[in-house]
1. Among the residues of segment 383-400, which ones are in contact with a helix residue (DSSP H, G or I) (Cβ under 6 Å, 6 or more places away or on another chain), open to solvent by 20 Å² or more (accessible area, probe 1.4 Å) and not hydrophobic (A, V, I, L, M, F, W, C)?
2. Go through (1) open to solvent by 20 Å² or more (accessible area, probe 1.4 Å); (2) in a helix (DSSP H, G or I) for S97 and report which single condition fails.
3. Quick one: how many residues across segment 406-422 are without any contact (Cβ under 8 Å) to a residue 40 or more places away in the chain and under 17 Å from Q457 (Cα atoms)?
4. What tally of residues in segment 98-135 results from selecting those that are farther than 25 Å from H243 by Cβ and small (G, A, S)?
5. Does F250 satisfy the criteria of being under 30 Å from Y361 (Cβ atoms), at pLDDT 80 or above, surrounded by 13 or more Cβ atoms within 10 Å (Cβ to Cβ) and in contact with a His (Cβ under 9 Å, 6 or more places away or on another chain)?
6. Pull up segment 364-373, narrow it to residues that are hydrophobic (A, V, I, L, M, F, W, C) and open to solvent by 10 Å² or more (accessible area, probe 1.4 Å), then point me to the one that is farthest from D228 (Cα to Cα).
7. Return only the number of the condition from (1) touching a Ser or Thr at 6+ places or on another chain (Cβ under 9 Å); (2) at negative phi; (3) of a type outside the set (K, R) that C420 does not satisfy.
8. Within segment 162-178, count every residue that is within 20 Å of I207 (Cα to Cα) and over 43 Å from the mean Cα position of the chain (by Cα).
Amino acid sequence: MELLNRYLDRSNSVSSVLTQEVIKEESLRDDLKYYFMSPCEKYRARRQLPWKLGVQILKIMMITTQLVLFGLNNQLVVSYKEENTMALKNLFLKDYSGVDEDDYSVAYYTQHDVYDGLFYVLDQYSQLGRLSVGPINYAEDEDGKPLPLTICKEYYKRGTVDPSDEAYDIDSQLETVCMSHDPKTANQWKTQNSSFFDLDFYRLVDIKMTFQLKGINLQTVRSRELPDCYSFYVTITFDNQCHSGKVKIFLDTDAQSSACRDWKISGTAQKNTHYLLVFDGFVILICLTSAVLCTRSIVLAVRLLQRFSRFLHDNYNRTVCEDDQGEFLNGWYLLVIVSDLLAIVGSILKMEIQAKSLTSYDVCSIFLGTSTLLVWVGVIRYLGYFQKYNVLILTMKAAFPKVLRFCCCAGMIYLGYTFCGWIVLGPYHEKFESLSRVAECLFSLVNGDDMFTTFAQLKDKNTLVWLFSRAYLYSFISLFIYMVLSLFIALITDAYETIKRYQKEGFPLTDLQKFLKEQKDFTVSEESGHTDFELKYPTLCCCQRAPENDDVILIS
């Protein structure tokens, strides 16, 4: 009787242990199934509202609205700077046609034209207040006096040149001499500094004229925002470095905005600024909420991965394969968190700009633009719950590694053509003058753009270079359009056909998917029983696929 009681107690303890293990397994399975459900399935399963989806939809609407509002304001700023630069060129450059010639604005070919151009700048600067139709004037120092215009000429220290005898004697050391021009003493500068303008053109390298102006961007009042005050640092360069008989004239401006020191405005501009600041603060709050929810999901995924890993190890002596780990460590959540951080930083910069504490429009636009891009890309995650859209997503996911490797190989050929085109065709073709322009030109040719113009614009003064250019362009277009581009498309098509076949025949199951489907056919492996093939290809072992299939495609 005592032996019977011991046997019954042992049986009860074993059954209770088994029951606990089954309960743990079912609990893990339920948690995993719920974690991988779509928002709608979660709502139907537990009547839990999809807060994260709602936050993402609200965030998309608000960030897009914020971007549009900032973009409209930024366009006003950029157009103001560009139009001011055009106005300054028309004011200070003699014979300016309104259109730049290549990378310079005007070119002079005679000494008389150069002198006229120099004196024209000085005369125009002296009477700027009476000429300009815009709210722009001289910059002033702390004492309220206009800042002078500075002229610096750079020339070789010593030199004599006699082209007739093919003789020259040049000291390559450069010297720089400067003078200042006060607009209030405009009538005296010619007589007092006549020797400064006695130019030896065979020694002259360049002449730079720099001055500072102040302006106010009043057009922002129409958009109910406070106007900014601008400082324009203007540099006019007479470039004679080539000594080719052609003096190029450049006008460069560096515009820096700041809050006006003394201002008064009536209307709704100030009130509108307050509304925008409140809106930006609400965007920051939504982005923080989104980042917290996604971080919470990542933490939950890591805990589930640890539980599932312990389950496989304790029951089947297996480890979680890379594909299953990728299902837990969802890259979409990282994408959302990064976009949230960028949006928060961009919103803070935007608030500082609206409060006139910062003027970094370009930096703010980069943060806001990138965050909006990532937010809209994140929408693809929710489209993946629909089968028709999921085909496209899985195709991109499957083709991306092959496409990346293919681009690395094709990029080597592309770089070779880039360097070759720059060194040979650069002096004869404007599209090959720099490495960046060569790369842009070749990329346009790959896409079939501007082909005839590229052929026709080459100067045919050098027969050898002309013949080389034809061989160069024909070989590049034939190689990249007919071979490289076709192979690129074939890689994507092959991945698409593979996904379509898997959708009809069924995707290969991983350990995670088998567990969720309550399949028990896990292969129990000994600790030292891995073959060389298993160690070299853990993903293939995990998915239990035939060796002839090359790619592993999983439903994300």
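The values are calculated or read from the model by the stated rules, or taken from the named source; none is laboratory data. Predicted model only: the values in this text are computed from it and were never measured. Virtual Cβ from ideal backbone geometry, glycine too; neighbours counted across all protein chains shown. We work out accessible area using only protein heavy atoms, side chains counted, and drop any ligands, DNA or RNA first. Shrake-Rupley method; radii C 1.70, N 1.55, O 1.52, S 1.80 Å.
1. Scanning segment 383-400 gives a single hit, Y389.
2. Answer for S97: the failing condition is (2).
3. Adding up the residues that qualify gives 1.
4. Within segment 98-135, residues that are farther than 25 Å from H243 by Cβ and small (G, A, S) number 5.
5. no
6. That would be L373.
7. C420 satisfies every listed condition except (1).
8. Count: 2.
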